[in-house]
Structures are given as structure tokens and as C-alpha cells.
Amino acid sequence: MNETEALVAQSRADRGREYDEFAERADMLIAEIEKETKKRKFTFAELEEIEHDLEKLIEWLAKIEPRDFFPDRRIAQAKAHLAKCAAALKVFSEQVFVYEGVTQR
């Protein structure tokens, strides 16, 4: 392996660890939404907390991506994880508004 290949491999390994941790946190957010849904804890406070957690994931991915000098499939996977979180939040949000008797428009 030459110097360039070693640099690319090291960079991908570093970003890979970040993407792995990102995916783990995204999965934790999905699990949290599922847990609160199962408990029927459809409150605005819970919604706000989950929205905050999603914002942190969005900001984190925005910091990882510029450091990913040799992008591969991992960035697409991370974006898919983020989209899954956003979709789950949307469903949870709709449930909160229904439960609280507020119509979303």
C-alpha cells in the first residue's frame, strides 16, 4: 500500500467510526420514538425533546460530511438513517397533535 492509499484508508476508517456512531445514535432516536409511542406518551414536551435530538443529528452529520474527503456508501447510509428519523418524528408529531386535540395545518 502506498502513501496515498494509506491516507485514503485511514480517512475512511476515521469517518467510518463516526458514521457508525451516528447510525447508533439515529437508531437510538428511532427506539426512543417507538418506546414513547408504545407508552402513548404523546406530549408536546416529548415531541420537543425528540425534535431537539433530531436537530443534533442533523448538525452532527453536517460536521461529518465536510471531513469525508473520500466519500463512499457511508454518507448515503447516514442520510438514509437521518431520513428514517425524520419520518418517524413526523408520524410521532402527528400523533401528538391528534392526542392533544390540535389540528395540524
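Structure summary
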{"item": "Span-like helix ranges in the chain, DSSP H, alpha carbon extent 24 angstrom or more, Kyte mean at least 0.0", "result": "73-99"}
{"item": "Convex hull (Cα only) mean projected area of region 8-105, reported in nm² to one decimal", "result": "6.4"}
{"item": "Cα-based Lys proximity count in the chain, under 27 Å, for pairs eight or more positions apart or on separate chains", "result": "21"}
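FYI, it's all coordinate maths here, none of it is from the lab. Owing to the predicted nature of the structure, the values given are computational and were not obtained by experimental measurement.
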